[in-house]
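Asks: This is the structure I have questions about; it appears just below.
The values are calculated or read from the model by the stated rules, or taken from the named source; none is laboratory data. Predicted model only: the values in this text are computed from it and were never measured. Heads up, the Cβs are rebuilt from the backbone with ideal geometry, glycines too, and the neighbour counts pull from every protein chain shown. Heads up: the accessible areas ignore ligands, DNA and RNA and are worked out on the full protein's heavy atoms, side chains in. Shrake-Rupley method; radii C 1.70, N 1.55, O 1.52, S 1.80 Å.
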Amino acid sequence: MRRVIILILLLGLMQLIALAAPFGGAERAILVFGFLILAAYSAGELAENFHLPKIVGYMVAGAVFGPFAGRLIRPAEVTALDPVGDLAIALIAFLAGAELEWSELKRRGATLVKLTSTELAVSFVAIAAVLLALRPYVPFLAGTNWTATIAFTIVFVSIAIVHSPAATMALLTETRASGPVAKSTLGIVLLADVVVVLLFSGALALARAMVPSGARGVGSLGSTIWEIGGAFPVGLLIGLAVVLYLRLTQADLFLFAILATFFGLEVARLLHVEPLLTLLVAGFVTQNSSRQGRGKILREAMERSAVPVFVVFFALAGAKLDVSEVVRLWAIVLPIVLVRAAGLWFGCRLGGRWAGLAPSETRYLWLGLVAQAGVAIGLVDVASTVYPAAGGDMRTILLAVIAVDQTVGPVLFRRALQTAGEVGGEGVGGIEMLESQVAGRTSQTG
């Protein structure tokens, strides 16, 4: 009840300020930013009282007060806050890369490749099949010839199979989960992110060859290859620069992480390389090239201060979701969501069998792969730019699918972690486990 009262007071205060000082532009954007953080944080605490992930509360707050529902926040203000969302995504990407350890990748690399390739392939086929079955009712497929149908289906599905590293990282940080399900899910979503970006680039190139778009400003094959391949050397250099800083000093680590991430984001944009992949590589290099655990110290500092980052990202993501479109297109969206979930379930079971894993280890994996956000929304925008007519309808349906998956996915993943007994709150886990180990070693040496 206390959180509900806080939300009502925040809403009333926002309205009073707007009436007393009817300003706009940058000033109102700053006011909206502050209100959105406070409202989303309160909604996240409220969601926890109902045994729901906090990020669901963050998104609900963004959707309720956003331009498509409560309309307290205007579309122009959401657009003005896009740089804040981009920085949040970049920080999440850096943190996700820092969670990967080279020794773990060498030990489980083959397993992750088998799981990822199988679940992506099964999901791709399943979603493509349901689209073709619903062809007369899908706006961007109805009335097209088979060449255009196949081209648009390939582009659509290459986006629909993407996962959400942001949601995965947020849940793992919130629950302090540690175990096979948590580690495998994180490995799959990160590996799948790279694969999907490559797959989408190839799918878009194939689609443009089959159905010329005539759109200008779209990169050539060479620029696409550089956008992906160039992210690795650029991310390597950024990671090595962070490692150098850690060798010199360890002061103000979280502030430094924000500055380094912002710098890396701008460098990636200037060099026209994929920003998320660049920051992921930078985080990985930092974690695995730092001596005496300095990279781990930086990662822990970011994890302890990650809540504001997740609040901003998911609140803005919720503000961009149009619930009315989900309702209007439910007859198309619901089958895609259900078939995608079934593809994830069967793909993880099949991939686990191929990798030689016990059924108990793969039983809950698919639940952590349902959520979508971040990269998926970016790819949707690219597709709608290449094909303005068909891409507009494609964008509407995909955003509706993402809205459902991003709301339901975190709930399913948290349930999976709880059922698998990997939630830190049910024992000593995550950062607390590491701190207890360090304290124990210190007392022994002392």
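Asks: If the cut-off is 19 Å between C-alpha atoms, which aspartates and glutamates fall inside it for residue 320, apart from same-chain ones fewer than 8 positions away?
Replies: 77, 82, 86, 381, 393, 405
Asks: Still on this structure, I have one more. How large a share of the accessible area of the stretch 267-417, in percent, is made up of carbon and sulfur atoms when the probe is 1.4 Å and the other protein chains stay in place?
Replies: Within the stretch 267-417, the accessible surface is 64 percent carbon and sulfur.
Asks: Please give every one of the lysines within straight-line cross-link reach of residue 114, meaning a C-alpha to C-alpha distance under 27 Å, and leave out same-chain neighbours fewer than 8 residues apart.
Replies: Residue 114 reaches 106, 183.
Asks: While we're looking at this one, here's another question. For the stretch 130-216, what is the relative contact order in percent, using Cα pairs closer than 8 Å and at least 6 residues apart in sequence?
Replies: Details: 52 pairs, mean separation 33.2, N = 87.
Relative contact order, the stretch 130-216: 38 percent.
Asks: Per DSSP H run of at least 4 residues, take -39500 (n - 2.57); add these up for the chain, divide by its residues and hand me the 222 nm value, nearest 500 deg cm²/dmol.
Replies: Numbers: 21 runs with 348 residues, N = 446.
Mean residue ellipticity, 222 nm, calculated: -26000 deg cm²/dmol.
Asks: Taking the Cα centre of each part, how many Å lie between the stretch 67-107 and the stretch 353-417?
Replies: Measuring centre to centre over Cα atoms gives 15 Å.
Asks: Probe of 1.4 angstrom, ligands and nucleic acids ignored: what's the accessible area per residue over the chain, in square angstrom? Don't skip to the end; give the middle numbers.
Replies: Details: 19990 Å² over 446 residues.
Computed with neighbouring chains in place, this is 45 Å² per residue.
Asks: Got the relative contact order for the chain handy, in percent, Cα pairs under 8 Å and 6 or more residues apart? List each step's numbers first, then the result.
Replies: Values: 627 pairs, mean separation 123.5, N = 446.
Once normalised by length, the contact order is 28 percent.
Asks: Another question about this same structure. Within the chain, which is the longest segment containing none of the trypsin sites (Lys or Arg not before Pro) that sit in a DSSP loop and have at most 11 other Cβ atoms within 10 Å?
Replies: Numbers: sites that count: 71, 216.
Counting at most 11 other Cβ atoms within 10 Å as exposed, the longest clean stretch of the chain is 217-446.
Asks: Of the heavy-atom accessible surface of the stretch 146-211 (probe 1.4 angstrom), what whole percent is carbon and sulfur?
Replies: On the way: 1260 of 1780 Å².
For the stretch 146-211, the apolar C and S fraction of the accessible surface comes to 71 percent.
Asks: Between beta-carbons, use under 14 Å as the cut-off and find the net charge around residue 234, counting Lys and Arg +1, Asp and Glu -1. Display every interim value, and only then the final one.
Replies: Values: positive: 269; negative: 227, 266, 274.
So the surrounding residues net to -2.
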